[in-house]
1. Among the residues of region 1-32 satisfying the criterion of being aliphatic (A, V, I, L, M) and farther than 13 Å from Leu73 by Cβ, which is farthest from the chain's Cα centre (by Cα)?
2. Which helices (runs of 4 or more DSSP H) sit wholly inside region 14-105 and have at least 1 residues that are in contact (Cβ under 8 Å) with a residue 12 or more places away in the chain and among the polar types (S, T, N, Q)?
Amino acid sequence: MEIKDKIKNLISENNICLFMKGTPDSPQCGFSMVVSNILKHLNVKFKGINVLEDENLRQGIKDFSDWPTIPQLYVQGDFIGGSDIVKELFENGELKKLLESKKII
């Protein structure tokens, strides 16, 4: 149960939380880099959590969201999606609208 609590705490303590492979400054996979770069492009502060540092966290976030892939983006506690979804939301302007509606940008 402790990994689930850790994930809940990370999500609740950060307005934008990105579970990713690597770090925002040094992504370890292309999909994580895409989402990280989108958030940087929108000039939003976000917490990048490197799932490669902890196998329990890596599997735990997949179980937590019932989503099989990483990266995973959470905004104010809500699961937004993975790389393809975030990229699509960014390209059609919906991600910016979402962040504006939540007073993040």
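Please treat every number below as a calculation from the coordinates, not as lab data. Since we're looking at a predicted model, the values are computed, not measured. Because the Cβ atoms are built from the backbone with ideal geometry, glycine has one as well, and the counts that use them run over all protein chains shown.
1. Let us first name the residues in region 1-32 that are aliphatic (A, V, I, L, M), namely 1, 3, 7, 10-11, 16, 18, 20.
If we keep only those that are farther than 13 Å from Leu73 by Cβ as well, we get 1, 3, 7.
On the way: Met1: 21, Ile3: 17, Ile7: 12 Å.
In this case the residue turns out to be Met1.
2. Helices (runs of 4 or more DSSP H) meeting the threshold: 30-41, 55-65, 83-91.
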